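The values are calculated or read from the model by the stated rules, or taken from the named source; none is laboratory data. Every value quoted in this text rests on a predicted model; they were computed, and no experiment measured them. So basically every Cβ, Gly included, is an ideal-geometry build from the backbone, and we count neighbours across all protein chains shown. Heavy atoms of the whole protein, side chains included, go into the accessibility calculation; ligands, DNA and RNA do not. Shrake-Rupley method; radii C 1.70, N 1.55, O 1.52, S 1.80 Å.
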Amino acid sequence: MCVRRLAGVILGVLVETAFFAQEVDQTTRPIVKDIAVTHVANAQVKVSWRLPQEFSAASILIFKDTQPFVARNQIMATSPVAQVKPTSTYFVDKLMNYKEYYYAVIAKKADGSLYDVVLPSINATVSGIRAKREVVQQEDDVELQQEKIYADGQMRELPLPYLEMLDEQHKPNPLKKEVLAAGAELAGEHTHKHISLLSPYIFEEDMIAPAGGDDYFLFEILKNYFIRKDYKNSVEQLQKFLTVNRDDKVTNRAVFYLAESFYYRKNYRQALNLFLFIEDEVPVVSKKWIESTLDLYQMPDELK
């Protein structure tokens, strides 16, 4: 939640990665390096790596997932897509769909165990790759792109260029303003669909009155204002509540309730900012609220 805390975590990961990267070159650890993934065909990618000077392993395993590999527990929870010789420096994988994939290359030791140290950008990719969509060119398109040459005396195929043949007397009269307005009104009814508000969401932790602490104070605000749909006072009380440094979990829920309160007060811009802010902490719940808020925020004022 805190920007400084997040920056500290990122810095820690970078320092740790740099530290391990130095170890790779200076020791005989069975860790490949310089992993890279490139396209070799529309649905095929080449995973390549370099071996250290002294590389001792029984084989090399290639792992693939839709999430970046950042910890060894991901390796344990994922089955390898291939096993190659310990002297191999690449593997060609076939992608069966258009999802984005990440790879990790791990050494398998002689005793059958894995040297499952994951180092982003060293033996695990940090950028995803997906199959290229094949562009199928229709025969008609090819014919249109080719310049057609006509022999002397040969006529062009129809249609000929349109010529304005009607005189002013036979041209149709323009539509009346009343007809145009009625058409625009009818079109508007189909252009903007009706969007229903979401029902209020309450976290399970706040369903039952807690014994005390920050949870109790948040519960009281919800009971006295949010549950009664007094969203004006709910906004005021939740903002006061969040001015005090509190437990992270309680703070996350309070921010979400504040976003909901703005949502029901039709302050969709402020609600959207808060839902996006809290999305990483409660991704599953936030998704539909972000989508609904976006729909309402973009809707014309007369339809809100």
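Does at least one position in region 12-31 carry a residue that is at pLDDT 50 or above, surrounded by 11 or more Cβ atoms within 10 Å (Cβ to Cβ) and part of a strand (DSSP E or B)? No, because not a single residue in region 12-31 is at pLDDT 50 or above, surrounded by 11 or more Cβ atoms within 10 Å (Cβ to Cβ) and part of a strand (DSSP E or B). For ALA271, the conditions (1) under 20 Å from GLN239 (Cβ atoms); (2) modelled with pLDDT under 90 all hold with the exception of (2). Residue pairs whose Cβ atoms lie under 8 Å apart, sitting 6 or more positions apart in sequence or on different chains, and linking a residue in region 39-53 that is closer than 17 Å to PRO86 by Cα and without any contact (Cβ under 8 Å) to a residue 40 or more places away in the chain to a partner that is in a strand (DSSP E or B) and open to solvent by 70 Å² or more (accessible area, probe 1.4 Å), are ARG50/ASP34. Among the residues of this structure, LYS240 does not count as one that is modelled with pLDDT of 90 or more, at positive phi and open to solvent by 100 Å² or more (accessible area, probe 1.4 Å). Only one residue in ILE75, ILE106 is at pLDDT 90 or above, more than 15 Å from VAL47 (Cα to Cα) and among the β-branched types (Val, Ile, Thr), so which one is that? Exactly one residue qualifies, and that residue is ILE75. Kindly indicate whether ILE202 is farther than 23 Å from TYR297 by Cβ and loosely packed, with under 13 Cβ neighbours inside 10 Å. The answer is no for ILE202. Scan region 243-273 for residues that are of a type in the set (Val, Ile, Thr) and open to solvent by 20 Å² or more (accessible area, probe 1.4 Å) and the total you get is 3.
The helices (runs of 4 or more DSSP H) found entirely in region 211-278 that carry 2 or more residues being touching a residue at least 60 places away in the same chain (Cβ under 8 Å) and within 26 Å of GLN298 (Cα to Cα) are 248-264. Can you tell me how many residues in region 85-101 are surrounded by fewer than 16 Cβ atoms within 10 Å (Cβ to Cβ) and among the hydrophobic types (A, V, I, L, M, F, W, C)? Count: 2. Restricting region 44-80 to residues that are touching a Phe, Trp or Tyr at 6+ places or on another chain (Cβ under 9 Å) and part of a loop (DSSP other than H, G, I, E, B), the residue that is least open to solvent (accessible area, probe 1.4 Å) is PHE69.
So in region 96-117, with the set limited to residues that are part of a loop (DSSP other than H, G, I, E, B) and under 23 Å from the mean Cα position of the chain (by Cα), which one is nearest to VAL32 (Cα to Cα)?
Narrowing region 96-117 to residues part of a loop (DSSP other than H, G, I, E, B): 96-100, 109-113, 116-117.
If we keep only those that are under 23 Å from the mean Cα position of the chain (by Cα) as well, we get 96-100.
Working: MET96: 26, ASN97: 27, TYR98: 27, LYS99: 25, GLU100: 23 Å.
Only one residue tops the list, namely GLU100.
VAL282 satisfies every condition listed in (1) aliphatic (A, V, I, L, M); (2) modelled with pLDDT under 90; (3) closer than 23 Å to ILE195 by Cα except (3).
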